[in-house]
Amino acid sequence: AIEEEGKDIKVLTQYANSFTDIDTTAVLYVPAGTREAYATATGWSAFANINEECELFYNITDSVSRTVEVTFPVDKSIPPYSGRIRIPSTTIINDTEYTVTAIGKSAFKDCDSLLSVSIPESVESICDSAFVNCFNLPSVNIPQSVTSIGLSAFRECRSITVITLASIFPAIATI
């Protein structure tokens, strides 16, 4: 079995026939670290373009309540986030499960190849400049759980044409 953040992924062949008779030039996005397994698995190997989701980096924000925020890679040799990002609601760090409750300050700053970000219901805040200069990000879906969005969080995101808010933000509700 393939391991993703300490959890087993179902056997790849279980769903191999679910995508028959579709255009195999479609891009298939798979969890980080699983590309090779999909590329050689029955039913999946027909896809010509298999891409892994980016590995995300986290700051522990509260070790007692076990919460983290998504952050940027500190190591400058690691390229910025790109493609399609799926932020998980939980992650494992040193054998401990943490809940992802924030997108940290400048977490996706200057990620000009970012095409989409899936934000889970566990996220409560999007910090200052979180997505600044993400020039190619076309849309953003902000879940109901988000209660604060920081200054310039989406500044210079010139390609955004759709913003979906799942709830009325408290500050807006009082206007």
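The values are calculated or read from the model by the stated rules, or taken from the named source; none is laboratory data. Being a predicted model, the structure only gives us computed values, none of them experimental. With ideal geometry, Cβ positions are generated from the backbone for all residues, glycine too; neighbour counts draw on all protein chains shown. With ligands, DNA and RNA removed, areas are computed over all heavy atoms of the protein, side chains included. Shrake-Rupley method; radii C 1.70, N 1.55, O 1.52, S 1.80 Å.
In the full protein context, region 110-151 carries 42 Å² of accessible surface per residue, based on a 1.4 Å probe and ignoring ligands, DNA and RNA. In this structure the amide hydrogen of residue 128, modeled in the peptide plane, comes within under 5 Å of the amide hydrogens of 150, 151, none closer than 5 places in sequence on its chain. Simple point charges give the picture: +1 on the Cβ of Lys and Arg, -1 on the Cβ of Asp and Glu, and for region 72-175 a dipole about the Cα centre of about 300 debye.
Let me check against my output: what whole-number percent is the relative contact order of the chain, with C-alpha pairs under 8 Å and at least 6 apart?
On the way: 377 pairs, mean separation 23.4, N = 175.
13 percent.
Per residue, region 36-95 exposes 59 Å² of accessible surface when a 1.4 Å probe is rolled over the protein heavy atoms with every protein chain present. For the set 167, 89, solvent exposure ranked by accessible area (probe 1.4 Å, protein chains only) runs largest to smallest as 89, 167.
Using a Gaussian network model of the chain in which every pair of alpha carbons under 10 angstrom is joined by a spring, one finds that among 62, 110, 128 the greatest mean-square fluctuation is at 62.
Test of understanding: in a Gaussian network model of the chain with alpha carbons linked when under 10 Å, which of 90, 99, 161 would top the mean-square fluctuation ranking? Checking each option, the largest mean-square fluctuation is seen for 161. Normalised by residue number, the volume inside the convex hull of the Cα atoms of region 38-140 is 140 Å³ per residue. Residue-normalised convex hull volume from the C-alpha trace of the chain: 145 Å³ per residue. GNM remark for the chain: springs join alpha carbons under 10 Å apart, and the peak mean-square fluctuation among 129, 63, 159 falls on 63.
Just reorder 109, 76 by solvent-accessible area, largest first, 1.4 Å probe, all chains present.
Per-residue accessible area, sorted high to low, gives 76, 109.
Antiparallel beta bridges, as assigned by DSSP with both residues in the chain, represent about 35 percent of the total such bridges.
What is the percent carbon and sulfur in the accessible area of region 86-175, measuring with a 1.4 Å probe over the protein chains and ignoring ligands? Using a 1.4 Å probe with all protein chains present, region 86-175 comes out at 50 percent carbon and sulfur. Around the amide H of residue 159, modelled in the peptide plane, lie the amide H atoms of 137, all under 5 Å away and 5 or more residues distant in sequence or on another chain.
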